[in-house]
Amino acid sequence: MVELMTLGWQRCEDVLRTIWPDLTRFQSTGGKILAFHGESDPRIPTASSVHYHESVRNIMYSNMTYNQSTAAMGDWYRLFLRPGAAHCATNDLQPNGPFPQTNIQVLIDWVEKATVLATLNATHLG
């Protein structure tokens with residue numbers, strides 16, 4: 001298994017590891033990021049999404065305190081961790097685990113209606 005993971009990392013490093021945390025151009029055009037990560041993802045560790053989120057915050061808001069930078073970044077980039085969810089889907093090992101079903105509508109409402117996201121709802125499919 002370790003050999004397979006290493007091979008996958010070597011072949012797909014450029015898409016598995018985000019290395020560009022300065023999203024100033026994207027943010028300045030009004031872009032918004034709604035990200036979620038299933039905490040039972042068997043492919044990509046949850047810490048990868050958290051690390052990238054924190055890298056963006058540290059690069060773009062280095063002159064602010066943690067609370068100030070988190071609030072400023074929350075205006076356009078939100079990361080939600082989804083316990084029990086797998087990689088972009090429900091989790092076969094936790095079949096009644098919740099999974100976000102309305103992400104596109106939530107993003108549209110955030111962009112078009114300025115609906116502030118405090119949570120990202122999920123549903124049970126079982």
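The values are calculated or read from the model by the stated rules, or taken from the named source; none is laboratory data. All figures in this text were calculated on a predicted structure; none of them were measured in a lab. Methodologically, a virtual Cβ is constructed for each residue, glycine included, from the backbone with ideal geometry; neighbour enumeration extends over all protein chains shown. For the accessible areas, the whole protein counts, side chains as well, though only heavy atoms, and no ligand, DNA or RNA atoms are used. Shrake-Rupley method; radii C 1.70, N 1.55, O 1.52, S 1.80 Å.
Flag not set for M60, criterion: over 16 Å from the mean Cα position of the chain (by Cα), open to solvent by 40 Å² or more (accessible area, probe 1.4 Å) and more than 30 Å from L4 (Cα to Cα).
For N67, the stated conditions hold: it is farther than 26 Å from T102 by Cβ, outside any loop (DSSP other than H, G, I, E, B) and at pLDDT 95 or above. Taken over the range 63-91, the residue count meeting the criterion of being over 13 Å from the mean Cα position of the chain (by Cα), open to solvent by less than 20 Å² (accessible area, probe 1.4 Å) and of a type in the set (S, T, Y) is 1.
Does the range 51-62 contain any residue that is under 18 Å from G38 (Cβ atoms), assigned to a loop (DSSP other than H, G, I, E, B) and not basic (K, R)? No, that holds for no residue.
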